[in-house]
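Asker: Have a look at this one.
The values are calculated or read from the model by the stated rules, or taken from the named source; none is laboratory data. Keep in mind that this is a model prediction, so the values were computed, not measured. All Cβ positions, glycine included, derive from the backbone under ideal geometry; neighbour counts span all protein chains shown. Accessible surface is based on the protein model in full, side chains and every heavy atom, while ligands, DNA and RNA are left aside. Shrake-Rupley method; radii C 1.70, N 1.55, O 1.52, S 1.80 Å.
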Amino acid sequence: MLARVESAAVFGIDAYPVTVEVDITRGQFAFTIVGLPDAAVQEARERVRAAITNSSFIFPQTDRITVNLAPADVRKEGPAFDLPIAVGILAATEQIKVDALDKYCLVGELSLDGSVRPIAGALPVALCGKERDKEALVVPTENGCEAAVVDDFNVYAVETLYETVELLENDLITKQPVEVSVDELDLSTAPYGVDFSDVKGQDHVKRALEVAAAGGHNLIMVGPPGSGKTMLARRLPTIMPPLTLAEALEVTKLYSVSGNLPGKTALMRTRPFRGPHHTVSNAGLVGGGAIPRPGEVSLAHHGVLFLDELPEFNRDVLEVMRQPLEDGTVTIARAAMSLTYPADFMLVGAMNPCPCGYHTDPVKQCTCNVHQIRRYLMRISGPLLDRIDIHIEVPRLDHEELMQREPGEPSAAVRERVIAARERQTQRFAETPFYCNRQMTSKALREFCPLSSDVEALLRQAIQQFGLSARAYDRILKLSRTIADLEGAEDIAVHHAAEAVQYRSLDRKLWA
């Protein structure tokens, strides 16, 4: 007898429909799965056999079982087909009777005792089920909240195969669908656990971080050990605008398909902060593998990618970030497939000025010679530096700042100014694909950044003095526009451009 069960598989950050066809005929026992299954899908045979037996059902030991995963020309991966295969076998052997099994979509991994384990990619699967006008989606309990974020779509969470069968046979009336109200998940009050008020001193660095957050600019901090670079970077998400619902769904999909979404989390409410170790590989940073998975640049989408001890990263690893920094996406090409993941993040780097860390320190003596310092700094290429908008020095705190007891300005106050600046940018870019100043193209710069003669004279002098490239000049214009937005000014003034030039001078000082 033949049975069909609807399911779905993840490709990139989206899902596509998969029909699980189960055919059981008389003959010598065999259990075959076709339709380009990977090793994890092939191993479903043993999991399904044990789960059915341990759930008080009868597994057909004397028949030939053929499972086809359609479409058959796309590779299937992961254990999410365990549950639909088991239900298909029970339906084909007439152990369960469901009037219209194709109304539902099922995904889930089975344990040997019949319990249903969580899977990766439940949110994209729910979106796919809604697009296909399915009546409901059945998922593991741990994935219930995540999938239920999709509006106007019923999601049922199950813990065992037996519960799934009971639910389907009774036309879903034995259980209430999982309910998650997106409106109750207030994205504007997402907790971060850290605050800018924790940071002592470093007012000029805080200002640079505020400018970076307001325009979405990339930033690098250079200073001796213990000056607070990492502490400042970890607090950058707290002053960025709250995630919009669309952004939160994108981030949640990425964390869902990569298996990094915390259990029973409905929606990612905070901006991501990713800080990979400097030993990370190319595939770990930008994504990859035999079956491509999102890398750190994609997991930092709409958030912050923090690279501490920047020169310690492999140079090849740093250079592969050029495309994501320019395009906001990363494409992973393989012989069998090509996947594009979003990677619109803010890059924040931190580094010492020399191998020992005290080249610019007024207290401790540097033990490095000129050649060691130059070799250390040259690990970061000029093209990569040009793609980083703000270069800021983080000096050692003096004893008065260290002993300061009064807290600094809280993140909430800074965030209000950043949100106001972003709102001005949203209005300015209403009919464009941009949402922040960092994304402006050369054509958009000419349109949105008109310059007075005084500003042009200042920038001309800066180009000559610092030997700025064309890309660096564009970065200065974008920074000037952001600084003006923070002040609420319509036009870029001389002091806006002067502050922007200041943020581009450190690299010429150290790397010249």
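Asker: Are any residues in the range 252-273 surrounded by 24 or more Cβ atoms within 10 Å (Cβ to Cβ) and either without any contact (Cβ under 8 Å) to a residue 12 or more places away in the chain or within 13 Å of Leu185 (Cβ to Cβ) (or both), and if so, which ones?
Answerer: The answer is Met268, and nothing else.
Asker: If you check Ser338, Ser298, which single one turns out to be closer than 30 Å to Asp73 by Cα, of a type in the set (Ser, Thr, Tyr) and more than 15 Å from the chain's Cα centre (by Cα)?
Answerer: Ser338
Asker: Can I ask one more? Which one of these does Thr141 not meet: (1) crowded, with 24+ Cβ neighbours inside 10 Å; (2) closer than 20 Å to Pro262 by Cα; (3) not aromatic (Phe, Trp, Tyr)?
Answerer: Condition (1) is where Thr141 drops out.
Asker: For the range 3-32, enumerate the residues that are under 32 Å from the mean Cα position of the chain (by Cα) and among the acidic types (Asp, Glu).
Answerer: Once the filter is applied, which keeps residues that are under 32 Å from the mean Cα position of the chain (by Cα) and among the acidic types (Asp, Glu), the range 3-32 yields Glu6, Asp14.
Asker: Of everything in the range 185-202 that's part of a loop (DSSP other than H, G, I, E, B) and charged (D, E, K, R), which residue is least open to solvent (accessible area, probe 1.4 Å)?
Answerer: Here the answer is Asp195.
Asker: If you don't mind, there's one more thing I want to ask. Mind checking which residues of the range 326-351 are touching a helix residue (DSSP H, G or I) at 6+ places or on another chain (Cβ under 8 Å) and surrounded by 20 or more Cβ atoms within 10 Å (Cβ to Cβ)?
Answerer: Result: Val330, Ile332, Tyr341, Pro342, Ala343, Phe345, Met346, Leu347, Val348, Gly349, Ala350, Met351.
Asker: Just the residues that are closer than 28 Å to Leu232 by Cβ and part of a helix (DSSP H, G or I), please, taken from the range 245-273.
Answerer: Glu247, Ala248, Glu250, Val251, Thr252, Leu254, Tyr255, listed by residue number.
Asker: Evaluate the range 337-352: report whether one residue or more is over 26 Å from Ile239 (Cα atoms) and without any contact (Cβ under 8 Å) to a residue 12 or more places away in the chain.
Answerer: yes
Asker: What number goes with the only condition from (1) without any contact (Cβ under 8 Å) to a residue 60 or more places away in the chain; (2) outside any loop (DSSP other than H, G, I, E, B); (3) not hydrophobic (A, V, I, L, M, F, W, C) that Pro276 does not pass?
Answerer: (2)
Asker: I would also like to ask the following. Can you confirm whether Gln425 is of a type in the set (S, T, N, Q) and modelled with pLDDT under 90?
Answerer: no
Asker: Follow-up. For Arg504, are the conditions met, namely being outside any helix (DSSP H, G or I) and open to solvent by less than 60 Å² (accessible area, probe 1.4 Å)?
Answerer: yes
Asker: Follow-up question, since we're still on this one. Within the range 283-334, how many residues turn out to be more than 24 Å from Ala248 (Cβ to Cβ), modelled with pLDDT of 85 or more, assigned to a loop (DSSP other than H, G, I, E, B) and touching a strand residue (DSSP E or B) at 6+ places or on another chain (Cβ under 9 Å)?
Answerer: 4
Asker: Also, quick follow-up: Taking Lys229 and the conditions (1) surrounded by fewer than 23 Cβ atoms within 10 Å (Cβ to Cβ); (2) closer than 22 Å to Leu209 by Cα; (3) more than 17 Å from the chain's Cα centre (by Cα), which numbered condition does it fall short on, given that it satisfies the others?
Answerer: (1)
Asker: Filter the range 471-497 down to the residues that are open to solvent by 80 Å² or more (accessible area, probe 1.4 Å) and out of contact with any Asp or Glu (no Cβ under 6 Å at 6 or more places or on another chain) and list them by number.
Answerer: Those that are open to solvent by 80 Å² or more (accessible area, probe 1.4 Å) and out of contact with any Asp or Glu (no Cβ under 6 Å at 6 or more places or on another chain): Glu487, Glu490, Asp491, His495.
Asker: List the number of the failed condition for Ala80; all other conditions in (1) small (Gly, Ala, Ser); (2) touching a strand residue (DSSP E or B) at 6+ places or on another chain (Cβ under 9 Å); (3) over 27 Å from Gly295 (Cβ atoms) hold.
Answerer: (3)
Asker: Quick one: which of Val304, Val286, Val317, Val280 is surrounded by fewer than 18 Cβ atoms within 10 Å (Cβ to Cβ), farther than 21 Å from Val125 by Cβ and not hydroxyl-bearing (Ser, Thr, Tyr)?
Answerer: Val280
Asker: Return yes when Leu479 is aliphatic (A, V, I, L, M), touching a strand residue (DSSP E or B) at 6+ places or on another chain (Cβ under 9 Å) and either more than 26 Å from Arg235 (Cα to Cα) or not in a loop (DSSP other than H, G, I, E, B) (or both) and no when it is not.
Answerer: yes
Asker: Can you tell me which residues in the range 482-501 are outside any loop (DSSP other than H, G, I, E, B) and acidic (Asp, Glu)?
Answerer: Correct list: Asp485, Glu487, Glu499.
Asker: Which one is farthest from Tyr473 (Cα to Cα), of the residues in the range 428-462 that are open to solvent by 80 Å² or more (accessible area, probe 1.4 Å) and not in a helix (DSSP H, G or I)?
Answerer: Glu431
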